[in-house]
Each structure stands twice: as structure tokens, then as C-alpha cells.
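Below: one structure, written as C-alpha cells.
The values are calculated or read from the model by the stated rules, or taken from the named source; none is laboratory data. Because the structure is predicted, anything quoted here is derived from the model rather than measured. Virtual Cβ from ideal backbone geometry, glycine too; neighbours counted across all protein chains shown. Heads up: the accessible areas ignore ligands, DNA and RNA and are worked out on the full protein's heavy atoms, side chains in. Shrake-Rupley method; radii C 1.70, N 1.55, O 1.52, S 1.80 Å.
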Amino acid sequence: MGAAAAAAAAAVGGRCRCCGRERCQADPCGVLCLLLTYLSVGYADYVVLEHVLLQPGFRASLWCPFHAVAFNFIVVMLLASHTRAVFADPGIVPLPDTAIDFSDLRSSSGSSHKSSRNNEDWTVCNRCETYRPPRAHHCRVCHRCVRRMDHHCPWINNCVGELNQKYFIQFLFYTGLASLYAMGLVLTTWLWPLDTVGAEGSAPGHPLQTAHRIILLVESVLFGLFVTVIFYDQVVSIITDETPIEQLRNRLRKEPHREVAHTRKPKIALLREVFGRGFMICWFFPCNCSSPSAGGPSYSYLPNYDV
Ligand SMILES: [Zn+2]
Ligand SMILES: [Zn+2]
């Protein structure tokens, strides 16, 4: 057994080398982004309820409970999908139970090597000391290889990979929807106020109320635009069957059609691989009513060698 293989023995069992947990999530940027997400969502809900819907004149209208329920439903779905994206396994490649000796594959430098036998698309990750299936990549933040890794997202403090991309896209969708809804409510009630007799301290045009509405408007525009761009990129990467990592790699290698084998699948089939093979209504719910990987490939830590 080589020295590197001996080092791998210390990493078996799927534990992070630095903290001993199944996945290392001690990234300060990720924790900060999580707090910022909860703070922003909480603030938006507070302003919509307290400074928009519960204002004199509007709170007596039937539109008040309607919008309150509808907006909070979106907020609940946003938080649920975000929670699933944060805590779900993105598709971490399991580490071997016993150390593997890669000394015969270490003839060249670099972080990974093509396996030299039958499984052309399997590679070896030098950092994880394991074989990894096609399209898996190593995340420098999580310190693990992730199947069909899209990117590491600090807003969910997790990788976006094969098993949690659905929840990540749902989070983007509901964040965009909540931003649009909040903008619509603020602008509508601001520009076309109902006939009100303003109570002291909460009358339309009160400086505090105006400040909250402006802050919510700015927040909604920024987050709305941000998630719309990422949502678009995610959908494009799915229907072209090429993750951003693969796009970059192919561009650097100047082999734009290297992944052509993936793109021959119909777009709906590619979408079903991510969102599940059940009813399309399930695509909107952060649940396991139809597992994206149901019927899909399952990987062990070893390629399918003939031994
Ligand atoms: Zn790795
Ligand atoms: Zn990661």
C-alpha cells in the first residue's frame, strides 16, 4: 500500500478530514449568506404584512387576507425548498470502505486522472482518494466529489448537484415569485391607495412606512433580478445537458461538442431527470414525491471493472 493510499485510509467512512462530519459546512461565507437569506425573507414578510396589507383602508378589504395567505404560501414554499437544498445530499460520491492503492495511476500531476481501464469516463480524485463516476467533480469548499456538480452555492451553503438541483431551482423560482409579488403589492398600494382615513403613525406617506416600502422595493428588484439570471442559467444548463463546469472545461479544451452524446436526449427527458418522472405538478413542491434519480444510475465507489 502506498503512502497516499495509507492517507486515504484515514478518510474512509465518508467523513470530512477537517471536521469529521459527513459534509463540511463550516464555510463562513455560506453561513453569512444563509443568515442574510433568512433576514431578507423575514424582513420582506414583515413589511408586506405590517406596512402594506395591514394599513388602514386595505385591512378592511377582502384583498388583505387573500394577499396575506398567497404571499405567505410563497414564503413557506421558498423556505421549504431552501431548507431542502441546504440539507439534502447533493450527490456526494461515497468514499471507499477500504483504502485503494492508486500508485499505478500517479504517473502525471494534477488533481484527477482518467481511469486507465474499461471505464473511460470514470476518473480518480486525488483529494478524495477514490474513483468517481462520469460528470462528478471535486468541490473545494465541501472537500468532496459531487455527482453532476453544477456549482457550490453560498446561498444554500451546499453544492448544487444531481440530487438537490431540483430544490435549488425551486428556491430560485419562489424567490423570484415572492420578489415580483412584493413589488406588485408595494407599487399598487402606493400608486393607487384605497380610500383611507390614516391612523396616526401609519398613514400612507408616513416617513417610516415610506422608508420600509422603498427598502423592500430595492430588495425585491435586486433579489428578483439575481435569481432570474441564475434560474435562466440553470434551465439552460439542464436542457443543454451541460453544467457550467463542463461548459468551462469544453471551452478551455476547445471541444465544444464533446458532450454531444448528452444533448441528444429530448429536453423534457432532461428536465425529468432533475425534477422527477412523476406528475409535473410535483416539480413545484420540495418533496420526494418523485425522486429525480428514481430508475437512474446508482454509483458505488468503484467503477464497473471486470475483476
Ligand atoms: Zn474529490
Ligand atoms: Zn460544495
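Do we find that residue 25 is in a loop (DSSP other than H, G, I, E, B), modelled with pLDDT under 90 and open to solvent by less than 20 Å² (accessible area, probe 1.4 Å) in this structure?
So residue 25 does not fit the description; no.
Out of the residues in segment 157-171 that are within 8 Å of the chain's Cα centre (by Cα) and more than 10 Å from ligand 2 (Cβ to nearest atom), state the one that is nearest to residue 88 (Cα to Cα).
Here the answer is 164.
Got a number for residues in segment 130-153 being farther than 21 Å from residue 237 by Cα and more than 8 Å from ligand 1 (Cβ to nearest atom)?
4
Listed residues 186, 197; which is open to solvent by less than 20 Å² (accessible area, probe 1.4 Å), at pLDDT below 95 and away from ligand 2 (no atom under 16 Å from the Cβ)?
Unique residue meeting the criteria: 186.
So residue 161 clears everything in (1) out of contact with any strand residue (DSSP E or B) (no Cβ under 6 Å at 6 or more places or on another chain); (2) closer than 15 Å to residue 86 by Cα; (3) within 16 Å of ligand 1 (Cβ to nearest atom) except one condition, right? Which one?
With respect to (1) out of contact with any strand residue (DSSP E or B) (no Cβ under 6 Å at 6 or more places or on another chain); (2) closer than 15 Å to residue 86 by Cα; (3) within 16 Å of ligand 1 (Cβ to nearest atom), residue 161 is out only on (1).
Which pairs turn up if I take residues in segment 237-253 that are more than 11 Å from residue 148 (Cβ to Cβ) and of a type in the set (A, V, I, L, M, F, W, C) and look for partners that are in a helix (DSSP H, G or I) and open to solvent by less than 10 Å² (accessible area, probe 1.4 Å) with beta carbon separation below 9 Å, at least 6 apart in sequence or on another chain?
From segment 237-253, the pairs are 239/270.
Mind checking which strands (runs of 3 or more DSSP E) fall wholly inside segment 73-172 and carry at least 1 residues that are modelled with pLDDT of 90 or more?
Answer list for segment 73-172: 123-125, 130-132, 137-139, 144-146, 151-153, 158-160.
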